[in-house]
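For reference, the structure is listed below as structure tokens.
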2 protein chains.
Amino acid sequence: MATRWGICSAGKISHDFTVALKTLPPEDHQVVAVAARKLEDAQEFAKKHSISKAYGSYEELARDPDIDVVYIGVIHPYHLNTCLLFTNAKKNVLCEKPLAMNTKEVQQILASAKKNDVFLMEAVWTRFFPVSVEIRRLLAEGELGEVKMVRSEFGVPLMHVPRAVQKELGGGALLDIGIYCLQFISMVYNGEKPESIQASGVVHVETGVDETVVAILKYSKNRMAVITCSSGVQLPNDAIIMGTKGTVRIPAPMWCPTSLVVNDKETEYPVPEPYLPLNFINSTGMRYEAEEVRQCLLKGLKESTVMSHADSLLLVELEDEIRRQVGVVYSQDCQ
Amino acid sequence: MATRWGICSAGKISHDFTVALKTLPPEDHQVVAVAARKLEDAQEFAKKHSISKAYGSYEELARDPDIDVVYIGVIHPYHLNTCLLFTNAKKNVLCEKPLAMNTKEVQQILASAKKNDVFLMEAVWTRFFPVSVEIRRLLAEGELGEVKMVRSEFGVPLMHVPRAVQKELGGGALLDIGIYCLQFISMVYNGEKPESIQASGVVHVETGVDETVVAILKYSKNRMAVITCSSGVQLPNDAIIMGTKGTVRIPAPMWCPTSLVVNDKETEYPVPEPYLPLNFINSTGMRYEAEEVRQCLLKGLKESTVMSHADSLLLVELEDEIRRQVGVVYSQDCQ
């Protein structure tokens, strides 16, 4: 039986997610409905993607009995209320990253999912790419020896993009793209909480959000990590794991990787071609997280073991501490 | 007229420096004498390199009237006293990096050089490679736009090398190899003092010296840098400058670079072949710093403008602050 998806918001990322879903077998994944705040946006989206139902409000989607799981593609300041809308309507949820603006909000979302007994996952799509599966295998089997250092970076010039710089839209490099660096090192260090964090960054004078952030994380057993993210300048955007027996490099784009270099030997893991042009690079790779959601639902799970609720909590706790040190405060932090 | 060199210590680095000197025209550079603490070591060294005079003490070298400049290749805990011996003997000095253990020691050395009116330079050989000259040209001509981020790293497994781990020998990754990362970002940011430093590291439990250090440096005008050094694990060992108009990468080994990648276009700058096997990689590249010393002496300068006394002071001040944050204290710090 196919997993029946509802798409919440008709924006760019929802477009890409829908394209990604359709690279999977239709007997496994169906897009049943799309909702936008304006009906005509939903209708246009539905027409483009041959979706039978279009709603002019998220509430209508929440009431639709034919939906197994909702994909939430709204910007992150709206994640809290949107997640709660669907969890309270007993809908399973896959919500874009970051799951919310701060720890308090993430805790509310996770509590609501638990209370309503629904599946909920933060859409950290990177973790489900074949490259990431292979990295976890290499780590689990000790092929790199003891990991001593992890470095991860993501920087692209985004200062012209309102979403990336305006505080009320959740702007800021860390939550927008730095989260990919954090999730990577958290995956490598298996969800462990770092012993200490030292962060420094550049805060955009006019908007008060972080333009560039560097953070050093120190873990138990003398293991370290460093992340760099920037919406001000292009970085190489690779990631690297350095162990006593070997080195693994994930070439750019590290957040949606299609190749892996293990001790200088490169292997390719291409993503499928899209049936419509994409807004973002390698977006058909969202198919892997969608399939994870399906597998979890089939097993009756309420969270994924690969990107668990604890993983989301750890991520946002790291984000909060780094923002505190760099000096970025959102209105949500003051509520 | 040839610059007449005296070599102080007959160790591995002195061997390589002497080999490097002999890649330069003999009418420009001559090695006149070598001194070691044991006469037989000096004699063996002299024989191997066809040097006419061998001394069993540094004091004899200091008294030799035929020496224009002394190359000091002893380990860094001895730099202070050895530098003072030669500067007080009115000898010009090229001293291996780090110039000394801490700021107080560097200040003493610089004061002595000034008082005795001799030339003195810290042997930061990297700065004189053709690659570094080209980097400074690119920066000066604005070809990278505004530099926003500099990343530099140097890590090799050295925990089996006593010099690298024993505190009384000046062990510790930062002073041994991290200095190359620091000098690189200081060169890129033109000797400017950073506004802030955030450092974290792993201190070797048994020896109390730093095994791994990561430091974030924040400069004026929202410019940043990050260095990673480790004597515990192999790192990629490249360096990269990220500007608004372009990116420059210095492939490994970044501390003695022979190639430069400007916006993905690579240019090679090979160093000459040695006449004897070297102890360290690309050591004939020390010829460039030797020639800088000669040019300074010919002009009657007491310091190099490329690696000035202020540059050495800045370097050691950065080292001191990073060590303070990481928690590495040498006996010299307590005197």
Round to a whole angstrom and tell me the spacing of the C-alpha centers of region A:250-305 and region B:189-242. 33 Å
Partner chain coverage, peptide B:199-206 - average Cβ within 10 angstrom: 4
Two-site FRET efficiency, A:V133 against B:A140, from Cβ-Cβ distance with R₀ of 30 Å, rounded to 0.05: 0.05
Nearest 10 degrees, 0 to 90: what angle lies between the long axis of helix A:309-326 and the longest principal axis of chain A (Cα atoms)? 60 degrees
Counting other C-beta atoms within 10 Å, which of A:R249, B:R223 has the fewest, and how do the rest follow? A:R249, B:R223
Within 10 Å of each residue's Cβ, count the other Cβ atoms and sort B:I185, A:I240 from fewest upward. A:I240, B:I185
Shape of the protein assembly as shown from its Cα gyration tensor (a ≥ b ≥ c, root eigenvalues): rounded if a/c is under 1.5, otherwise prolate when a/b > b/c, or oblate? prolate
Low-density loop cleavage sites - trypsin sites (Lys or Arg not before Pro) in region A:259-335, where at most 15 other Cβ are within 10 Å (DSSP): A:K299
Neighbours of B:G142 by Cβ distance under 15 Å: Lys/Arg at +1, Asp/Glu at -1, summed charge +2
Relative to the first principal axis of the alpha-carbon coordinates of chain B, what is the inclination of helix B:103-115, with its axis defined by its Cα atoms, in degrees from 0 to 90 and to the nearest 10? 50 degrees
What is the distance, in nm, between label points placed 7 Å from the Cα along the Cα-to-Cβ direction at B:L278 and at B:E168? 3.3 nm
For helix A:79-88, what angle does its Cα long axis make with the longest principal axis of chain A, in degrees from 0 to 90 and rounded to 10? 50 degrees
Estimated FRET transfer efficiency (B:E27, B:K48; beta-carbon r; R0 22 Å; 0.05): 0.45
For region B:181-335, what class follows from the C-alpha gyration tensor (a ≥ b ≥ c being the square roots of its eigenvalues): rounded when a/c is under 1.5, otherwise prolate if a/b is larger than b/c, else oblate? rounded
Relative contact order of chain A: what whole-number percent is it, with Cα pairs under 8 angstrom and at least 6 residues apart? 20 percent
What are the semi-axes of the equivalent ellipsoid of chain A, taken as the square roots of 5 times the eigenvalues of the Cα gyration tensor, listed largest first and rounded to whole Å? 31, 23, 19
Qualifying GluC sites (Glu not before Pro) for region A:183-258 [loop in DSSP, other Cβ within 10 Å: at most 16]: A:E192, A:E195, A:E206
Length-normalised contact order of region A:3-125 in % [C-alpha pairs under 8 Å, at least 6 apart]: 23 percent
Along Cα-to-Cβ, 7 Å out, sits the label point; list in nm, shortest first, how far the one on A:R137 is from those in the other copies. 4.9
Can you tell me the mean projection area, over all orientations, of the convex hull of region B:272-321's alpha carbons? Units nm², please. 5.0 nm²
Taking loop as defined by DSSP and a crowding limit of 11 other beta carbons within 10 Å, which trypsin sites (Lys or Arg not before Pro) in region B:34-69 fit? B:K38
May I ask for the Kirkwood hydrodynamic radius of region B:3-125, worked out over all distinct Cα pairs and given in angstroms to one decimal? 14.1 Å
So what is log10(I(q)/I(0)) for region B:53-107 at q = 0.16, 0.20, 0.24, 0.28 1/Å, when the Debye sum runs over its Cα atoms only? -0.44, -0.68, -0.93, -1.18
On average, how many beta carbons from a partner chain sit within 10 Å of the beta carbon of a residue in A:242-254? 2
Of the listed pairs A:K245/B:K265; B:K114/B:K299; A:K22/A:K97, those with alpha carbons more than 24 Å apart are A:K245/B:K265
What dipole magnitude, in Debye to the nearest 20, does the protein assembly as shown give about its Cα centre under +1 on Lys/Arg Cβ and -1 on Asp/Glu Cβ? 360 debye
Test item: Cα-centred dipole of region B:156-279, Lys/Arg +1 and Asp/Glu -1 on Cβ, debye: 480 debye
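Bear in mind that the values in this text are calculations on the coordinates, not laboratory data. Only a predicted model underlies this, so the values are computations on that prediction, with no experimental measurement involved. Positions of Cβ are generated from backbone atoms using ideal geometry, with glycine treated the same way; all protein chains shown enter the neighbour counts.
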